[in-house]
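The values are calculated or read from the model by the stated rules, or taken from the named source; none is laboratory data. In this text, all values refer to a predicted model and were calculated from it rather than measured experimentally. Neighbour counts run over all protein chains shown; Cβ positions are idealised from the backbone, glycine included.
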């Protein structure tokens with residue numbers, strides 16, 4: 001076991017472990033100065049010292065430099081005060097250069113070494129001219145990072161359809177994976193307007209009760225199936241997952257129809273019944289990257305093809321039924337291969353989502 005201090009860099013942000021400084025006592029929400037891979041940063045104590053297993057730590061474990069002084073706090077607040085003017089200047093430069101991008105937020109490094117701008121865009125943007133213009137305007141190192149729509153909502157905040165502050169901006173340290181399967185499990189309307197948040201993606205809260213509903217699906221009869229009760233047999237027309245009840249339509253010998261509610265425990269029906277909906281593609285934030293995970297970002301001027309693996313599968317059989325069914329000595333149809341390659345080039349990137357777009361002004365001076 002090892003003692004750590006849990007640190008957060010922004011309200012509702014991701015939590016990190018740091019080694020406490022010997023002889024100092026920490027309290028919740030206390031401002032501190034910590035050492036990171038990007039330099040020293042201003043942060044807050046989310047949870048005072050606690051003991052965790054060493055396997056939970058990703059080495060190297062950085063340390064808390066000191067408890068923030070009044071001078072540290074004043075400098076941090078002065079950086080926050082400059083943000084509106086800084087963002088206005090950046091927006092004007094974006095308009096002047098005619099770039100298709102939306103500025104979301106900016107951050108000053110605590111040591112004053114650089115300014116980081118966060119933006120969203122439908123695709124990749126060549127903003128090297130923008131970086132030069134901003135570097136000349138602020139006389140500082142400039143870094144631009146492209147983030148996704150969920151990250152934008154996390155930065156800006158807002159009121160969700162439930163009337164509360166968005167989960168991502170208020171109480172969610174990091175994004176969880178959400179899929180349409182979760183809405184199906186809960187029997188919700190699949191109307192996008194009903195299950196989408198301010199970001200236009202599936203609401204994060206769909207994952208909160210998914211485990212319960214996924215298990216409840218295994219205990220209730222399937223809608224449209226037959227179920228037997230003490231007073232008759234009927235067709236299941238509705239189920240209530242929370243009350244664990246089912247409504248049956250029962251028709252007697254005279255043709256009379258009755259609708260009755262029963263506890264699931266009082267019914268006899270075929271098991272196993274309806275399992276959770278088939279696995280759907282998770283609505284993960286694949287078109288943007290969290291601002292605090294620079295490792296996920298790629299250089300805008302790099303020659304990488306979005307990290308995809310283009311290696312050929314040498315073991316893949318040729319022909320529709322494998323190599324053993326191909327005619328011996330049959331010549332290859334180069335025309336078909338060329339046509340396939342041309343179609344592949346035309347369609348290549350049609351379904352690609354924008355990758356992270358990061359650029360550092362230090363590489364152009």
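How many residues are loosely packed, with under 15 Cβ neighbours inside 10 Å and modelled with pLDDT under 90 when one looks only at the stretch 101-123? Give the derivation first.
In the first step, residues of the stretch 101-123 are kept if they are loosely packed, with under 15 Cβ neighbours inside 10 Å; the result is 102, 111-113, 122-123.
From the residues that got through so far, the ones that are modelled with pLDDT under 90 too are 111-113, 122-123.
Adding up the residues that qualify gives 5.
Can you tell me which residues in the stretch 246-260 are surrounded by 12 or more Cβ atoms within 10 Å (Cβ to Cβ) and out of contact with any helix residue (DSSP H, G or I) (no Cβ under 8 Å at 6 or more places or on another chain)?
Let us first name the residues in the stretch 246-260 that are surrounded by 12 or more Cβ atoms within 10 Å (Cβ to Cβ), namely 246-251, 258, 260.
Hits for the stretch 246-260 are 247, 248, 249, 250, 251, 258, 260.
Look at residue 154 and say whether it is under 20 Å from residue 14 (Cα atoms) and touching a residue at least 12 places away in the same chain (Cβ under 8 Å). Show your work before the answer.
Numbers: under 20 Å from residue 14 (Cα atoms): yes; touching a residue at least 12 places away in the same chain (Cβ under 8 Å): yes.
Answer is yes for this residue.
Considering each of 183, 133 in turn, give the residue that is crowded, with 17+ Cβ neighbours inside 10 Å, part of a helix (DSSP H, G or I), without any contact (Cβ under 8 Å) to a residue 24 or more places away in the chain and not assigned by TED's automatic domain parsing to the domain that holds residue 262. Full working, then the answer.
On the way: 133 fails: without any contact (Cβ under 8 Å) to a residue 24 or more places away in the chain.
Residue meeting the stated conditions: 183.
Restricting the stretch 2-58 to residues that are assigned to a loop (DSSP other than H, G, I, E, B) and at positive phi, which is surrounded by the most Cβ atoms within 10 Å (Cβ to Cβ)? Explain how you work it out, then say what you get.
Of the residues in the stretch 2-58, the ones assigned to a loop (DSSP other than H, G, I, E, B) are 9-14, 20-30, 37-38, 53, 57-58.
If we keep only those that are at positive phi as well, we get 12, 23, 29.
Values: 12: 17, 23: 5, 29: 8.
Step by step, filter the stretch 2-58, then rank; the result is 12.
Quick one: how many residues across the stretch 188-245 are in contact with a helix residue (DSSP H, G or I) (Cβ under 8 Å, 6 or more places away or on another chain) and either assigned to a loop (DSSP other than H, G, I, E, B) or surrounded by fewer than 12 Cβ atoms within 10 Å (Cβ to Cβ) (or both)? Steps first, please.
Here is the first cut: in the stretch 188-245, the ones in contact with a helix residue (DSSP H, G or I) (Cβ under 8 Å, 6 or more places away or on another chain) are 188-190, 195, 197-207, 210, 213-214, 217, 219-221, 229-230, 239, 241, 244-245.
Now restrict to residues that are either assigned to a loop (DSSP other than H, G, I, E, B) or surrounded by fewer than 12 Cβ atoms within 10 Å (Cβ to Cβ) (or both): 188-190, 197-201, 203, 217, 219-221, 230, 241, 244.
Of the residues in that region, 16 qualify.
Among the residues of the stretch 67-82, is any within 30 Å of residue 1 (Cα to Cα) and either assigned to a loop (DSSP other than H, G, I, E, B) or modelled with pLDDT of 90 or more (or both)? So that I can check it myself, show each step before the final result.
Let us first name the residues in the stretch 67-82 that are within 30 Å of residue 1 (Cα to Cα), namely 67-68.
From what's left, either assigned to a loop (DSSP other than H, G, I, E, B) or modelled with pLDDT of 90 or more (or both): 67-68.
Yes, that holds for at least one residue.
Residue-by-condition table, conditions (1) more than 20 Å from the chain's Cα centre (by Cα); (2) within 25 Å of residue 42 (Cα to Cα); (3) in a helix (DSSP H, G or I):
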{"residue": "90", "(1), (2), (3)": "yes, yes, yes"}
{"residue": "116", "(1), (2), (3)": "yes, yes, no"}
{"residue": "124", "(1), (2), (3)": "no, no, no"}
{"residue": "145", "(1), (2), (3)": "no, yes, no"}
{"residue": "151", "(1), (2), (3)": "no, yes, yes"}
{"residue": "161", "(1), (2), (3)": "no, no, no"}
{"residue": "169", "(1), (2), (3)": "no, yes, yes"}
